[in-house]
1. Would you be able to tell me the number of residues in the range 173-223 that are out of contact with any Gly (no Cβ under 7 Å at 6 or more places or on another chain), in a loop (DSSP other than H, G, I, E, B) and among the hydroxyl-bearing types (S, T, Y)?
2. Checking the condition surrounded by 19 or more Cβ atoms within 10 Å (Cβ to Cβ), within 25 Å of the chain's Cα centre (by Cα) and over 30 Å from D124 (Cβ atoms), which residue from G155, G162, G209 passes?
3. What pairs come out if I take residues in the range 235-256 that are assigned by TED's automatic domain parsing to the domain that holds I106 and pair them with residues that are charged (D, E, K, R) and assigned to a helix (DSSP H, G or I) whose C-beta lies under 9 Å away, six or more apart or interchain?
4. Condition first: surrounded by 11 or more Cβ atoms within 10 Å (Cβ to Cβ), in contact with a Leu (Cβ under 9 Å, 6 or more places away or on another chain) and of a type outside the set (A, V, I, L, M). Can you find one or more residues in the range 23-40 that meet it?
5. Pick out the one residue from Q205, Q152, Q215 that is in contact with a strand residue (DSSP E or B) (Cβ under 7 Å, 6 or more places away or on another chain) and either at pLDDT below 95 or closer than 30 Å to P116 by Cβ (or both).
6. Can you confirm whether I130 is closer than 15 Å to I199 by Cα, surrounded by 12 or more Cβ atoms within 10 Å (Cβ to Cβ), modelled with pLDDT of 90 or more and of a type in the set (V, I, T)?
7. Give the residues of the range 87-104 that are hydrophobic (A, V, I, L, M, F, W, C) and at pLDDT below 85, sorted by residue number.
8. Among the residues of the range 54-72, which ones are surrounded by 10 or more Cβ atoms within 10 Å (Cβ to Cβ) and at pLDDT below 85?
Amino acid sequence: MQTGALTSYFDVAQLVLYAFWLFFAGIIYYLLRENKREGYPMIDERSGARSEGWPGVPPPKTFILADGNTRLAPKAEGVDQVNAVPTAVWEGSARQPIGDPMLAAIGPGAYAQHRPDVPDHTFDDALPKIVPLRTLPDFWLAYEDPDPIGMQVFGGDWAYAGKVVDCWIDRSEVVIRYFEVELEGGSDRVLLPQHYAQINKKTRQIKVGSIMGAQFQTVPRLQNAETVTLLEEEKLVAYYAGGLMYATPKRAEPLL
């Protein structure tokens, strides 16, 4: 027999090749299972039926986060609640909003309903990440940029909504995330995501094209006046995004 042969029909090279095939198949199986730690098992929103597929969902694993808290993956999550009804009996049919479409949680207004209802935190000192400028004595707005505080805010219909009274700063990225808008009459305050604001520094006006002026009254509110939670951020951005399709009936119609 030649060098490396174990029998007249089997040698070390074959053994190594077969071992590699087994290892590679095991890696594929492992990755397919680990890929199902998020979003599985899939649950049908109408029937409640669960679907895992092959391979099945792996057993829960505990992950330790930077702040010392733990998360299970996969974790039990309920079905998202939406204010809409299917337009047909078959699966995948379009949904028709019920009531105020801006709050239906569908289409561009959909959001991750199971995000933690706690503020995001900085990595180093575990402080709330996004907070109003009034609580940050060591931060200030760049002198080269227009000061948004005091600017008037208008909706897409140019109806007056209120004025900016503060900026909410991401202290990790050192950027403005939200404008705090005092509504007309001073009755309440809401947050406006910075990327939905069209700023005119000459007229000191901010136009928000995604929603109308009156719709600022139903912007989701915060539990705490000086922090915003991950879930609240989802709701805020979803509300303004939903306006791109549902702010007026005309926007929900086809272009042609």
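1. Matching residues across the range 173-223 total 2.
2. Values: G162 fails: within 25 Å of the chain's Cα centre (by Cα); G209 fails: surrounded by 19 or more Cβ atoms within 10 Å (Cβ to Cβ).
On inspection, the qualifying residue turns out to be G155.
3. Note: pairs meeting the criteria are G243/R251; L244/R251; M245/R251.
4. Looking for residues that are surrounded by 11 or more Cβ atoms within 10 Å (Cβ to Cβ), in contact with a Leu (Cβ under 9 Å, 6 or more places away or on another chain) and of a type outside the set (A, V, I, L, M), one finds none in the range 23-40, hence no.
5. Values: Q205 fails: either at pLDDT below 95 or closer than 30 Å to P116 by Cβ (or both); Q152 fails: either at pLDDT below 95 or closer than 30 Å to P116 by Cβ (or both).
Among Q205, Q152, Q215, only Q215 is in contact with a strand residue (DSSP E or B) (Cβ under 7 Å, 6 or more places away or on another chain) and either at pLDDT below 95 or closer than 30 Å to P116 by Cβ (or both).
6. Details: closer than 15 Å to I199 by Cα: no; surrounded by 12 or more Cβ atoms within 10 Å (Cβ to Cβ): yes; modelled with pLDDT of 90 or more: yes; of a type in the set (V, I, T): yes.
Considered against the rule, which asks whether it is closer than 15 Å to I199 by Cα, surrounded by 12 or more Cβ atoms within 10 Å (Cβ to Cβ), modelled with pLDDT of 90 or more and of a type in the set (V, I, T), I130 comes out as no.
7. Let us first name the residues in the range 87-104 that are hydrophobic (A, V, I, L, M, F, W, C), namely 88-90, 94, 98, 102-104.
Within the range 87-104, A88, V89, W90, A94 meet the criteria.
8. A66, D67, N69
The values are calculated or read from the model by the stated rules, or taken from the named source; none is laboratory data. Bear in mind that the values here come from a model prediction, so they are computed numbers and not experimental data. With ideal geometry, Cβ positions are generated from the backbone for all residues, glycine too; neighbour counts draw on all protein chains shown.
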